[in-house]
Structure formats: structure tokens, C-alpha cells
Amino acid sequence: MHADDIMDVVTIEQQANQFPWSKTNFEDCLKAHNDAWVFVNDLDEIVGYTIVQRVVDEAHLLNICVKQNEQGQGLGRKILNHVIEFATSISSVLIVLEVRSSNQRAQQLYLQAGFNEMSVRKNYYPAKEGREDAILMGLDLDLMSLFSE
Ligand SMILES: CC(C)(COP(=O)(O)OP(=O)(O)OC[C@H]1O[C@@H](n2cnc3c(N)ncnc32)[C@H](O)[C@@H]1OP(=O)(O)O)[C@@H](O)C(=O)NCCC(=O)NCCS
């Protein structure tokens, strides 16, 4: 993801999320040199993106999103696999992320990829009515490498 991708990314973000990140959030991530990718279709249009922050030997998945009309066709899984391959390649021991308790679709995606629920952050997110819990999920890459040997 480069600075000139951000306008398209923000449009996708706003359509796909009830509480979207702002343009500044994305700009700050690039300024902070987080690892960020966009994924394009055959017409070179952005259809998904993800941002990962390295924290010592962990990879924090800050954002993953697929354009609304492209969802449900396997792209989210491809993007998540890319994150797992990247985190493995930089020798991260763990990928962690937070997901809204109501976001069953994303939780299914993570569970299928081998993530486990680690804990719950109560009332972490603003919600339509009041607040909503965050589920903290993790993928232990050390454990994964044992299984793949
Ligand atoms: C979550 C998200 C990235 C998934 O991407 P996607 O391209 O739609 O997902 P895929 O087509 O790769 O599907 C992967 C898995 O997700 C789950 N999934 C996808 N669509 C689903 C639906 N409508 N209902 C429930 N689970 C669903 C399934 O487990 C699916 O695996 P399966 O097809 O073997 O059943 C996408 O829906 C999205 O961008 N949502 C808005 C942003 C968001 O919530 N990001 C995550 C924040 S933590």
C-alpha cells in the first residue's frame, strides 16, 4: 500500500465497515512503516488490503478488508494466508488481532485458519448502541511449524 492508494482504500473501508478507519489512520500506519499491502483484480483495481504491525517477535494484524461486492469469494482467506506467510518469513512467533464479538464472518475466517480465542476485552469498541467486546485471537506460529514439519 502506497500513499496514492489511500483514497481507494478509504472508499472500500467506509463501504465495508460500520466504524471505518479514517484516512489519517491509514496515513499514520504508512508513516509508522507498518507492513501494508493492497490486492488488485485483473483490471488493476484495489479489491482488498491488510496492515500488519511488527511488535518484537509478534505480528499484529491491524486491518484486513475485502471490497464489499468482492466478499465471500475466497479473497479474505487469500489475504490472511499472505499475512501468515509474511509473519512466518520474518520469524514471528505469534499473530494477534482483535475482532468485534458481532463479526462472526471474520471470526470464522480466523478460526478456519487456525487462530484461537485468547481473551475478551470488555466494551472495547464503540457500537451502534453502547459498546461492544473485542475478542483477542492469536495464531501460534511456533506450534504451526511443529505441525508442518
Ligand atoms: C472478514 C472479511 C475480510 C472476509 O473476507 P471474504 O473475502 O468475504 O472471505 P472469504 O470469501 O475468503 O471466506 C473465508 C471464510 O470466511 C467466512 N465467511 C465468509 N463469508 C461469510 C458469511 N457470509 N457468513 C459467515 N462466514 C463467512 C467463512 O468461514 C469462509 O470460509 P468458507 O467459505 O470455507 O465457509 C470480509 O468479509 C471483510 O472485509 N469484512 C469487512 C471488514 C472486516 O470485518 N474485517 C475484519 C476485521 S477484524
*Formal net charge of residues neighbouring Ser22 (Cβ-Cβ distance under 10 Å; K, R +1; D, E -1)*: -2
*What ³J(HN,Hα) values, in whole Hz, does the Karplus curve 6.51 cos²θ - 1.76 cosθ + 1.60 give for the range 17-33 when θ = phi - 60°, with x put for Gly and Pro?*
10, 6, 10, x, 5, 8, 4, 4, 4, 5, 4, 4, 4, 5, 4, 7, 6
*Among DSSP beta bridges lying fully in the range 3-148, give the percent that are antiparallel, nearest 5.*
90
_Those residues of the range 45-89 whose amide nitrogen sits under 20 Å from the label point placed on His2, 7 Å along Cα→Cβ_ = 45-52
*Setting aside same-chain residues fewer than 8 positions from Lys23, which aspartates and glutamates have a Cα under 14 Å from its Cα?*
Asp4, Asp5, Asp8, Glu13
*How much solvent-accessible surface does His33 expose, in Å² to the nearest 10, with a 1.4 Å probe and all protein chains in place?*
150
_How much length would be gained if the chain were fully extended between Val93 and Gln15, taking 0.36 nm per residue of separation minus their Cα-Cα distance, in nm to one decimal?_
24.8 nm
*So what is the relative contact order for the chain, in percent, with contacts set as C-alpha pairs under 8 Å and at least six apart?*
16
*Is there a pair in Lys67/Lys122; Lys31/Lys128; Lys67/Lys128 whose C-alpha atoms are over 27 Å apart, and which pairs would that be?*
Lys67/Lys122; Lys31/Lys128
_Modelled FRET efficiency - R0 35 Å, Glu58 with Glu129, Cβ distances, 0.05 increments_ = 0.60
*Amide H neighbours of Asp57 under 5 Å, at least 5 residues apart or on other chains, H built in the peptide plane: list them.*
none
*Who wins for biggest fluctuation among Val56, Val96, Val120 in a Gaussian network model of the chain, springs between alpha carbons below 10 Å?*
Val56
*Let a ≥ b ≥ c be the square roots of the eigenvalues of the Cα gyration tensor of the range 3-148; is it rounded (a/c under 1.5), or, if not, prolate (a/b larger than b/c) or oblate?*
rounded
*What's the carbon and sulfur percent of the chain's accessible surface, probe 1.4 angstrom, rounded to a whole number?*
48
_Check: the range 78-132 dipole with +1 on Lys, Arg Cβ and -1 on Asp, Glu Cβ, in debye_ = 180
*Can you spot the aspartates and glutamates whose alpha carbon is less than 13 Å from Lys78's alpha carbon? Ignore those fewer than 8 places along the same chain.*
Glu70
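The values are calculated or read from the model by the stated rules, or taken from the named source; none is laboratory data. Bear in mind the structure is a predicted one, so any value in this text is a computation, not a measurement. Note that each Cβ is placed from the backbone with ideal geometry, even for glycine, and that neighbours are counted across all protein chains shown. Note: areas computed on protein heavy atoms with side chains; ligands, DNA, RNA excluded. Shrake-Rupley method; radii C 1.70, N 1.55, O 1.52, S 1.80 Å.
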